[in-house]
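Worksheet for the structure shown next.
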There are 2 protein chains.
Amino acid sequence: MVVKVYGPHCASTKRVLVCLVEKGVEFEVVPVDVTKGEQKDPEYLKLQPFGVVPVIKDGDYTLYESRAIMRYYAEKYRSQGVELLGRTAEERGLVEQWLEVEAHNFQPPAYELAMHVLFGPIFGITPDPKVAEENEAKLVKVLDIYEDRLSKSKYLAGDFFSIADISHLPFTDYIVNKMEKEYLIRERKHVSGWWDDISSRPSWKKVIDLYRPPI
Amino acid sequence: MVVKVYGPHCASTKRVLVCLVEKGVEFEVVPVDVTKGEQKDPEYLKLQPFGVVPVIKDGDYTLYESRAIMRYYAEKYRSQGVELLGRTAEERGLVEQWLEVEAHNFQPPAYELAMHVLFGPIFGITPDPKVAEENEAKLVKVLDIYEDRLSKSKYLAGDFFSIADISHLPFTDYIVNKMEKEYLIRERKHVSGWWDDISSRPSWKKVIDLYRPPI
């Protein structure tokens, strides 16, 4: 059964796609044009009642929330492809910790920054330089903590690549390649090395090449 | 080794405590007075660099982020106490989905509501009725989706209790018992029944009785 992934051009969906590529799971994509509000269509809301992407269909099984989908496939195909959850309960715990940090500390300011520097007009938001500045300042504090962490371990959860790293790819790509904010990464030696490492993986190159953003 | 849990009086820490009680894991608590800003003390920041509660110490192992800690103990003591992750990969997937929904859809408006109705003055925030109103409106939409979900299954992830349900306890308690917003729950038959069920568990009664909020 081929996994159907809805909304491949969106940032959060790319997390899922990279995970599937790393695990060697076959998938097909179903376009959802969020610039036209297709994620609020009644048919789509039957799959994802909150009206956001992504969602997957795998036979009769439907699942949403990008980080939940990554966990599901990383666990279901544990012995296939790259191990993405660590090898012990303690390593898995740290994967979960950094996945939560990404969701609660990194993603919110990175998202606001992207909205007020890049994507606002597409979604009817007037870019506000003050909001952009405030969120960049928040991101600086978060990245300083990342720098300390990554000076002690190669990846966020330890010396192994995991879904916690994957989860950072789409918005760090915006920071480096779309918003002229690359200095936020390059001013931090260990964050910079980590970014070079994770963004040069064939899985990310494949996904970013196939499914260009609107967001 | 007894697990040390920092900041037992805070909402997010209570998730962890309920999980530990359900799994029959022994713990001791270490007070962190967030009304005095103790979560920003240098010694505390060595454990949790973002300066928030909770964090746990289990021998040499340190872990933060309440939902990550719940996952760790629910997994580590899988065969002990109540099963909190479902029994199959598909059930676990849905636990993860609803845990993410709680974190991204339920908690943010519930938190803002609590700040602007209950706790603002403690933390130097002037309560703003307009912000409270906006967040109550967001919560209404989320709870309507919950009502639909809970009309089809006894708990959020299915017909089994899980860490996804536990995660809702502290803020739903504020809504029902502290903010005079009980109608948000009672106007929805299935949400109301679910709340009665999960809040009558001995684990929650024990935790709420032992560790009263400031937040």
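Selection over segment B:3-26 of residues that are of a type in the set (Ser, Thr, Tyr) and either without any contact (Cβ under 8 Å) to a residue 60 or more places away in the chain or open to solvent by 20 Å² or more (accessible area, probe 1.4 Å) (or both) gives a count of 2.
Just a yes or no: is a residue in segment A:96-103 in contact with a helix residue (DSSP H, G or I) (Cβ under 8 Å, 6 or more places away or on another chain) and away from every other protein chain (no Cβ under 13 Å)? Taking every residue of segment A:96-103 in turn, none turns out to be in contact with a helix residue (DSSP H, G or I) (Cβ under 8 Å, 6 or more places away or on another chain) and away from every other protein chain (no Cβ under 13 Å). For segment B:1-28, a residue qualifies if it is touching a helix residue (DSSP H, G or I) at 6+ places or on another chain (Cβ under 8 Å), among the β-branched types (Val, Ile, Thr) and either within 18 Å of A:Gln97 (Cα to Cα) or not in a helix (DSSP H, G or I) (or both), and the qualifying residues are B:Val3, B:Val5, B:Thr13, B:Val16, B:Val25.
Restricting attention to segment A:42-59, the residues being open to solvent by 50 Å² or more (accessible area, probe 1.4 Å) and either at pLDDT below 95 or under 21 Å from A:Arg212 (Cα atoms) (or both) number 1. Filtering segment B:36-62 to residues that are farther than 22 Å from B:Phe171 by Cβ and touching a Gly at 6+ places or on another chain (Cβ under 8 Å) leaves B:Lys40, B:Tyr44, B:Leu45, B:Tyr61. Reported count of residues in segment B:44-71, each being within 7 Å of another protein chain (Cβ to nearest Cβ) and not in a strand (DSSP E or B), is 6.
Tell me whether segment B:110-132 contains one or more residues that are within 14 Å of another protein chain (Cβ to nearest Cβ) and not aliphatic (A, V, I, L, M). I'd like the intermediate steps shown before the answer.
Within segment B:110-132, the first condition is being within 14 Å of another protein chain (Cβ to nearest Cβ), and the residues that meet it are B:111-112.
After this cut, where a residue has to be not aliphatic (A, V, I, L, M) as well, the list is B:111-112.
Yes, the conditions are met somewhere in segment B:110-132.
Which one of A:Ala114, A:Ala74, A:Ala89 is in contact with a Leu (Cβ under 8 Å, 6 or more places away or on another chain) and not aromatic (Phe, Trp, Tyr)?
Details: A:Ala114 fails: in contact with a Leu (Cβ under 8 Å, 6 or more places away or on another chain); A:Ala89 fails: in contact with a Leu (Cβ under 8 Å, 6 or more places away or on another chain).
Only one candidate qualifies: A:Ala74.
Show me the helices (runs of 4 or more DSSP H) entirely contained within segment B:72-168 in which 1 or more residues are open to solvent by 40 Å² or more (accessible area, probe 1.4 Å), without any contact (Cβ under 8 Å) to a residue 60 or more places away in the chain and in contact with a Pro (Cβ under 7 Å, 6 or more places away or on another chain). Passing ranges, in order: B:129-150. Just to be sure, is B:Lys40 of a type in the set (Lys, Arg) and more than 8 Å from chain A (Cβ to nearest Cβ)? Spelling it out, B:Lys40 is indeed of a type in the set (Lys, Arg) and more than 8 Å from chain A (Cβ to nearest Cβ).
Residues that are farther than 21 Å from B:Thr13 by Cβ and either aromatic (Phe, Trp, Tyr) or crowded, with 18+ Cβ neighbours inside 10 Å (or both) do occur in segment B:193-209.
Quick test for you: out of A:Tyr146, A:Tyr183, A:Tyr211, pick the one residue that is within 17 Å of the chain's Cα centre (by Cα), among the aromatic types (Phe, Trp, Tyr) and modelled with pLDDT of 95 or more.
Working: A:Tyr183 fails: within 17 Å of the chain's Cα centre (by Cα); A:Tyr211 fails: modelled with pLDDT of 95 or more.
A:Tyr146 is the lone residue from the list that is within 17 Å of the chain's Cα centre (by Cα), among the aromatic types (Phe, Trp, Tyr) and modelled with pLDDT of 95 or more.
Which residues, counting only those in segment A:72-93, are facing chain B (nearest Cβ under 7 Å) and either farther than 20 Å from A:Val25 by Cα or touching a strand residue (DSSP E or B) at 6+ places or on another chain (Cβ under 7 Å) (or both)? Correct list: A:Tyr72, A:Ala89, A:Glu90, A:Arg92, A:Gly93. Annotation: A:Val32 fulfils all but one of (1) over 19 Å from the mean Cα position of the chain (by Cα); (2) surrounded by 15 or more Cβ atoms within 10 Å (Cβ to Cβ); the unmet one is (1). For segment B:169-187, a residue qualifies if it is part of a helix (DSSP H, G or I) and surrounded by fewer than 18 Cβ atoms within 10 Å (Cβ to Cβ), and the qualifying residues are B:Asn177, B:Lys178, B:Tyr183, B:Arg186.
The values are calculated or read from the model by the stated rules, or taken from the named source; none is laboratory data. Given the structure is predicted, the values throughout are model-derived calculations rather than measurements. For neighbour counting, all protein chains shown are included, and Cβ atoms are generated from backbone atoms with ideal geometry for every residue, glycine included. Heads up: the accessible areas ignore ligands, DNA and RNA and are worked out on the full protein's heavy atoms, side chains in. Shrake-Rupley method; radii C 1.70, N 1.55, O 1.52, S 1.80 Å.
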